[in-house]
Amino acid sequence: MDINNGIIHINEFRILNNKHRYYPNDKFEIGSATYNSQNYYDIPLKYDIYKDILIYRPQESEAISIELIHEKVTAFSINNKKFVYLNNIYFPMMQIKPGYYEENISGKNFIFYIKHHRNKREILKGSSVFYEFDNDYEYLLEKNGTFNKISSKKDLIKLFPEYKRKINDFYSSSKKILKSDEPLFYEKMMTYLNNETANNPSN
């Protein structure tokens, strides 16, 4: 199969505290992928967030895993989340960093994306070197054919000025979630706005 073509994946980092580079974890999960215009279902996958590479394990092999060619993976689903490949070829007016983005909410009036990152930290323990990978995120919202970076309440109000009061209220009532789980906060915020805009088609 075409999906078996690629380079062998090697995890060269020794980690601490289970802070690894993969999504959703460092084990393979059953998922699906569109690779070189061909759909593949029920295949073992994991997403290397640090390198932004999708990894596939041939089902006949327990020891070998393959890094799929980046540009040939147009979409994949893993852990009930859908990821799509975005770049400036498709959206030349927006300086998008090419890569995989989680299509978190596909609403009636907008699409909300989350870009997952893992930042590497080197830790010395005696004469040994270990690593920890910390989560980091970017947020994009496609509305009316334009991509917009979301990094603050101000950005959301600019895009949805008619919902300024409701956005302020949501931030005020959800401070704990914003602090403890930023992606979940934005998912709830955008779900709320999607419901509001869907119920008010004139907005």
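The values are calculated or read from the model by the stated rules, or taken from the named source; none is laboratory data. Here the structure is a predicted model, which is why all the values come from computation and not from measurement. Backbone-built Cβ (ideal geometry, glycine too); neighbour counts: all protein chains shown.
Miscellaneous remarks
- For the stretch 151-185, a residue qualifies if it is surrounded by 13 or more Cβ atoms within 10 Å (Cβ to Cβ), assigned to a helix (DSSP H, G or I) and under 23 Å from the mean Cα position of the chain (by Cα), and the qualifying residues are K153, D155, L156, L159, Y171, I177, L178, E182, P183, F185.
- Within the stretch 151-165, residues that are within 17 Å of I111 (Cβ to Cβ) sit with their Cβ atoms under 8 Å from residues that are surrounded by 13 or more Cβ atoms within 10 Å (Cβ to Cβ) and among the hydroxyl-bearing types (S, T, Y), at 6+ positions apart or across chains, in these pairs: F160/T197.
- In the stretch 31-55, the residue that is farthest from the chain's Cα centre (by Cα) out of those that are touching a residue at least 40 places away in the same chain (Cβ under 8 Å) and farther than 17 Å from G99 by Cα is I43.
- Here D42 meets the list (1) modelled with pLDDT under 95; (2) loosely packed, with under 14 Cβ neighbours inside 10 Å; (3) at positive phi almost entirely, failing just condition (1).
- Some residue of the stretch 122-130 being over 24 Å from F13 (Cα atoms), outside the structural domain of Y171 (by TED's automatic domain parsing) and of a type in the set (D, E): no
- Residue satisfying all of: in the stretch 81-92; at pLDDT below 95 and surrounded by fewer than 18 Cβ atoms within 10 Å (Cβ to Cβ); nearest to G31 (Cα to Cα) among these: N87
- Pairs are defined by a Cβ separation below 9 Å, a sequence spacing of at least 6 or placement on different chains, a first member in the stretch 96-113 that is in contact (Cβ under 8 Å) with a residue 60 or more places away in the chain, and a second member that is surrounded by fewer than 17 Cβ atoms within 10 Å (Cβ to Cβ) and in a loop (DSSP other than H, G, I, E, B); the pairs so defined are K108/P201; N109/N144; N109/P201; N109/N203; F110/N144.
- Some residue of the stretch 23-42 being farther than 30 Å from N144 by Cα, touching a Pro at 6+ places or on another chain (Cβ under 8 Å) and of a type in the set (K, R): no
- Test: residue in the stretch 85-92 that is in a strand (DSSP E or B) and closer than 23 Å to Y113 by Cβ: yes
- Selection status of I123, of a type outside the set (D, E), part of a strand (DSSP E or B) and buried (at least 17 other Cβ atoms within 10 Å of the Cβ): no
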